[in-house]
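S.K.: First, the structure itself, so that you have it in front of you.
The values are calculated or read from the model by the stated rules, or taken from the named source; none is laboratory data. Just so it is clear, the model here is predicted, and its values are computed rather than measured. Heads up, the Cβs are rebuilt from the backbone with ideal geometry, glycines too, and the neighbour counts pull from every protein chain shown.
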């Protein structure tokens with residue numbers, strides 16, 4: 001039995017382009033993998049601490065700074081919650097990330113989640129055989145699968161605005177840093193071609209149904 005994290009980053013809960021495709025992916029996945037555990041993380045409705053002054057003071061400690069026992073109760077709660085989030089990500093075998101594109105980027109809650117899972121010693125570490133990756137660091141999450149489902153009103157995967165695609169490229173770069181390959185399903189161009197929006201969505205849904213069966 002595998003564990004799949006289904007991560008949604010949208011203030012709405014249904015009836016958006018990204019969520020509609022994501023829901024069909026999940027339905028098809030459950031049918032193809034009935035024994036797998038699926039955990040839904042709704043980032044807009046979960047306890048997701050931001051990196052703030054309290055958490056920054058914890059980075060690199062010990063040996064410098066206050067010990068965990070010396071922190072305030074609020075700081076302890078944040079540190080524990082951040083550890084729970086990264087441990088949950090590490091334990092998952094597969095991850096699906098579903099989000100819209102806003103202003104050519106990902107929603108802020110998804111960036112906050114990514115900050116929570118990029119943790120030295122948990123998801124990346126130092127390479128043993130010379131310098132690799134970013135300053136000799138190496139991802140520790142090889143073998144995990146990630147599917148990224150993204151909706152954008154503008155076509156970003158190719159064409160005129162390709163150099164303004166900062167959403168999937170960010171997810172892909174971070175996951176590569178962690179040692180993970182990413183697959184992508186894009187629902188794009190719905191604002192540019194509103195008369196074709198339903199067709200664009202349906203094409204992405206069919207792609208998602210096929211991909212889920214093999215994921």
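S.K.: Would you check which residues across the range 1-59 are under 19 Å from the mean Cα position of the chain (by Cα), surrounded by 17 or more Cβ atoms within 10 Å (Cβ to Cβ) and in a loop (DSSP other than H, G, I, E, B) and list them?
M.R.: Correct list: 9, 10, 16, 48, 49.
Residues are listed down the side, and each one gets a yes or a no for (1) in a helix (DSSP H, G or I); (2) modelled with pLDDT of 95 or more; (3) in contact with a helix residue (DSSP H, G or I) (Cβ under 9 Å, 6 or more places away or on another chain); (4) closer than 22 Å to residue 203 by Cα:
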residue: 85; (1), (2), (3), (4): yes, yes, yes, no
residue: 113; (1), (2), (3), (4): yes, yes, yes, no
residue: 146; (1), (2), (3), (4): no, yes, yes, yes
residue: 163; (1), (2), (3), (4): yes, no, no, no
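S.K.: Report yes if some residue within the range 143-163 is at positive phi, surrounded by 15 or more Cβ atoms within 10 Å (Cβ to Cβ) and over 12 Å from the mean Cα position of the chain (by Cα); otherwise report no. It would help to see each step written out before you state the result.
M.R.: Step one: list which residues in the range 143-163 are at positive phi, which gives 143, 159.
Filter once more, keeping what is surrounded by 15 or more Cβ atoms within 10 Å (Cβ to Cβ): none.
Scanning the range 143-163 turns up no residue that is at positive phi, surrounded by 15 or more Cβ atoms within 10 Å (Cβ to Cβ) and over 12 Å from the mean Cα position of the chain (by Cα).
S.K.: Against the definition (modelled with pLDDT under 95, surrounded by 13 or more Cβ atoms within 10 Å (Cβ to Cβ) and not in a strand (DSSP E or B)), how does residue 133 come out, yes or no? Lay out the reasoning, then the answer.
M.R.: Numbers: modelled with pLDDT under 95: yes; surrounded by 13 or more Cβ atoms within 10 Å (Cβ to Cβ): yes; not in a strand (DSSP E or B): yes.
Here the answer is yes, as residue 133 does meet what is asked.
S.K.: Also, I was wondering about something else. Out of 209, 171, 117, report the one residue that is at pLDDT 95 or above, under 25 Å from residue 83 (Cα atoms), crowded, with 16+ Cβ neighbours inside 10 Å and out of contact with any strand residue (DSSP E or B) (no Cβ under 8 Å at 6 or more places or on another chain). Talk me through it step by step, then tell me what you get.
M.R.: Working: 209 fails: under 25 Å from residue 83 (Cα atoms); 171 fails: out of contact with any strand residue (DSSP E or B) (no Cβ under 8 Å at 6 or more places or on another chain).
Exactly one residue qualifies, and that residue is 117.
S.K.: Do we find a residue being out of contact with any strand residue (DSSP E or B) (no Cβ under 6 Å at 6 or more places or on another chain), in a helix (DSSP H, G or I) and farther than 21 Å from residue 140 by Cα anywhere in the range 175-194?
M.R.: Yes, some residue in the range 175-194 is out of contact with any strand residue (DSSP E or B) (no Cβ under 6 Å at 6 or more places or on another chain), in a helix (DSSP H, G or I) and farther than 21 Å from residue 140 by Cα.
S.K.: Can I ask one more? Could you list, ordered by first residue, the pairs with Cβ atoms under 6 Å in which the first is in the range 33-53 and over 19 Å from residue 91 (Cα atoms) and the second is at pLDDT 95 or above and in a loop (DSSP other than H, G, I, E, B), at least 6 apart or interchain?
M.R.: Here the result reads 44/11, each pair linking the range 33-53 to a residue that is at pLDDT 95 or above and in a loop (DSSP other than H, G, I, E, B).
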